[in-house]
Structure formats: structure tokens, C-alpha cells
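Comments concern the structure below.
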Amino acid sequence: MDYRTRYMDLLLHAVIRLAEGESLAINANPSHLDFARDLAQRASEITRQPVHVVSISEGIPGDVTSMTCVLSDPLASAPVRGLLLRIDDTEDRQWEVPGTPEEKLGDLALLQKTGNLAPPQLNKPVAPWAVIAVPGPRWAKRVLGPHATEEDLWELFARMLSLGSANPIQAMQEHLSVLRQRLAFLNRLNLHQIRITGGGNDLTLGMAPQSRWRGGVHTLADGRSFIPYLPPERVSMLTQRDSARGTVCASQPFNLLGTVVQEAKLQLFDGRVTSFEAAEGAHALACTLQADEGASVLSELSLVDLLTPLAAASGHFGHAGFDENRSSSIVLGMGDSGHLEALETYDDESELQRLTGCNVSVVRSRIPIGSSHLCVTGITDEGEEIAIMENGVFKL
């Protein structure tokens, strides 16, 4: 089965939902230029506008190739909207980031390479965009082992994104429908607290008053929606920055400042990590927690059903879309302000923190807690307890 073509159609029709008259730019590193150009050609037949492919080497834009439609007449009018797709550099990337944890925390470029730099918080998207991953031989070996092939990784993509189904686009739409129902239910509950138990966890936290449960779909002010990262599995919310109390145990190893942290256990009081231990990577964890005033504060909770195909995949992908949607997790440091409304009304991140109760930091550290033992209970203002997740599976 041609998973590559099916994946392209999914990207264009379900992820950015490309329409006639829109323009599209695709940024790609050299190893993915063939895929990008084939995708651009398919996209131009939808937009009837030129689609531009920008070659990116070590973060620097290079040559630009423009693809135009051949099956229909190009539109004479100017594009009505600009869209962006970026292909993650999983083939040519320098995976091992040099330097000590202290050096990486002191250099924002290095911190970004490790994946722990907090993103801008007050920027609201004005056009659809997405960061996607594409299978390649080097990345396949890194994810699946030294004997894996690019075709093996495409098979994994097929399982995660239903590329082998009769209609992958419809399968994604049905998945999003379930996600929307889950989010609507959670937001109607108006929860006061959440209790997390199982797998060594015993944690209670509060929800930031202005936070909403969000899924993997972003909606612009004009109602246009898009999916920034595939697959959209998790539901998440911001926590009240001084509310978390109890114990958190990482359910699997996680990457922090380019270091693998194993068997991490953290104690929290009034929202902040007060002590911790780790079998490996303790120094990187210690440095991160001391990066700034908000680095040790629990800021966000994400929940992922254990039965998803992505959750069954083992190991670290090194691609945010997969790693953030693979396991239930907590975030220390900066939470995602996309959970809040009316971001344009805040002058700076300090005001954002003061008025919303969310947390601000230069770092963002995701710690996985998902397992077959994880239980999550919501507690309403009236004290009613509602099972959200049992044994790692949603009960909603």
C-alpha cells in the first residue's frame, strides 16, 4: 500500500485543510526535499496557486523551488491566505547536543536543540501551520533499532495514523470527533481539583481558573482550524501554579537537556518541586529545576489513553508531535498559554502569570507518568469525585 501518498493526502486535507486560493510554503531539510516537492505538487493542484519549497540547512533558508498546478488552470487572483508546513529535521539533525547541562541552559540556541526551550507565550497564530515528521532511513534506525528500514517506520506511521484504513482522512475526522466530545465533557465539569494516583504517583493539583481543556486542534479567531502536530491524542490543561502537592514518579525514561533521566521521583509542595531523586540524569534534572524561578513549578497536565497505537510504541522519537502525545505527562516550567483565552490582552508574560495563575519560565520539561496503573479523578467544587481515567484508560 502506498502509505507515502496517503500520508500526503492526510496532511493536506485533514491537518492544514488546504483550500483553493490559499498559498502554501513548505520548509524542509535536504534529506526530505523529494518528499516536500512531491507534496507541493499535490498541494498546487488544490490551491491553484504556486506552492513554495524552501530548503533549510542548519536553520538557514536556502534555495526556493516553486511548484505549479498542471491538471487545471492557475488562479489569476492573489492568495487569500498563507499556510506553512515544516518538515522536522529527523535525518540530518545533530542528535547529540554538545555541552554540559549548565552550558545548554546558558545558551538559548543549545536549549532549543535539546527541546527544552519554552515557546513564546503571547503569540496567537494567524494562519494554519504544522510541524510534521517524515520517515527516513537514519531516523528509522534511531527509533526502531540498527536493523530497521524506512519501510518499517512507514508501517509504524500507518498504525499510528490509520494510513491502512479504507479512508485515513475520515478515520482522522472520527478520531477528532471523539476528542471534541472528551474535551466538551471535561470543560463542563468545572473541576476544582484533580487527583492522580497509581504507578507510585500520589498527587493533587488545581486547575488554573482561566484555563480550558485543550486537544490537538488549534482554532483561529475566524474559526479556521488546523492540527499543528500529528497525531492529536492528548487532552491537556494548565494547573494553578501553587497548587500541586504530593509525589510524581516518571513511568519511563525521558530526555532532558540532551540527557536521559531514568527512574525519576519528585516531591512537590505548593506547586513546586521540593526534592527529587533519579537513578540516572540527576544532575541534568537538578540544573533544570534551578534554571529560573518558575523552572521547578508544575504548570501543565496532559492525559493520553494507554490504548492508542502511539502509546504502544516504545522509545524516544525526538519529534515533539509524537513524544508529547505518547504518554500522559506533567510539565515543569512553562505551560502552554494556548489553553487561555484573549492572549492579546496581556502586555507581557509577567502580567500573564499574575492575572491567570499560570507559570512562566524559560524552560519546559515534560515528565511521562502514563502507565497501566495510572488513575485520574476529578473533584468538583461540590466535592463530587468523577473518574476521568482508570488503569491508563479514559472512562469518559
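None of the figures in this text is laboratory data; all of them are computed from the coordinates on show. As the structure is a prediction and not an experimental result, all values here were calculated from the model. A quick note on method: Cβ atoms are made from the backbone with ideal geometry, for glycine too, and the neighbour counts reach across all protein chains shown.
Taking only C-alpha pairs under 8 Å that are 6+ residues apart, what is the relative contact order of region 101-173 in percent? Please list the in-between numbers first.
Working: 32 pairs, mean separation 10.0, N = 73.
It comes to 14 percent, rounded to a whole number.
Expected output is a single nm value to one decimal: the length gained when fully extending between residue 265 and residue 34, i.e. 0.36 nm times separation in residues minus the C-alpha distance. What is it?
Length difference between fully extended and current span is 78.7 nm.
How large is the dipole of region 198-256 about the Cα centre if only Lys and Arg carry +1 and Asp and Glu carry -1, each at its Cβ, rounded to the nearest 20 debye? Provide the component values of the computation, followed by the final result.
Details: 6 positive and 4 negative charges, 23 e Å.
In debye, rounded to 20, region 198-256 gives about 100.
For residue 174 and residue 9, what is the calculated FRET efficiency with R₀ set at 25 Å and r taken between the beta-carbons, to the nearest 0.05? The partial results should precede the final answer.
Numbers: r = 16 Å, r/R0 = 0.65.
Taking R0 as 25 Å, the efficiency between residue 174 and residue 9 is 0.95.
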Please report, in Å, the Rg and the Dmax of the chain, where both are computed over Cα atoms only.
21.1, 65
Could you give the length gained by full extension between residue 354 and residue 292, i.e. 0.36 nm per residue of separation minus their alpha carbon distance, to one decimal place?
20.7 nm
Cα-based shape type of region 59-161, given that a ≥ b ≥ c are square roots of the gyration tensor eigenvalues and the cut on a/c is 1.5:
oblate
Between region 360-388 and region 84-128, what is the separation of their alpha carbon centroids in Å?
26 Å
Whole-percent tail of the Cα-Cα distance distribution for region 24-119, cut at 23 Å, equals 40 percent
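Pop the C-beta distance of residue 17 and residue 107 into the FRET formula with R0 = 30 Å and round what comes out to the nearest 0.05.
0.20
Mean 1/r over all different Cα pairs, inverted: what Kirkwood radius does region 138-274 give, in Å?
Numbers: mean 1/r = 0.0547 Å⁻¹.
The answer is 18.3 Å.
State the volume of the convex hull built on the alpha-carbon positions of region 315-396, expressed per residue in Å³ and rounded to an integer. Write down the numbers at each step before the final one.
Working: hull volume 11.8 nm³, N = 82.
Spelled out: Cα convex hull of region 315-396, divided by residues, is 144 Å³.
Using the 2.2 N^0.38 Å rule of thumb for compact globular proteins, work out how region 239-396 stacks up: its C-alpha Rg over that value, please.
Numbers: Rg = 15.9 Å, N = 158, 2.2 N^0.38 = 15.1 Å.
Dividing the Cα radius of gyration by 2.2 N^0.38 Å gives 1.05.
Rounded, prolate or oblate, given the Cα gyration tensor of region 1-64, with a/c below 1.5 counting as rounded?
Oblate, because a/c is 1.5 or more while a/b does not exceed b/c.
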Estimated [θ] at 222 nm from DSSP helical runs (n ≥ 4, -39500 (n - 2.57)) normalised by residues in the chain, nearest 500
-7500 deg cm²/dmol
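A 29 angstrom limit on the alpha carbon distance is what I want to check against. Which of 113/265; 124/265; 141/395; 104/141 exceed it?
The pairs that break the limit, which is 29 Å between Cα atoms, are 124/265; 141/395.
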Rounded Å value of the spacing that divides the Cα centres of region 218-264 and region 1-59:
28 Å
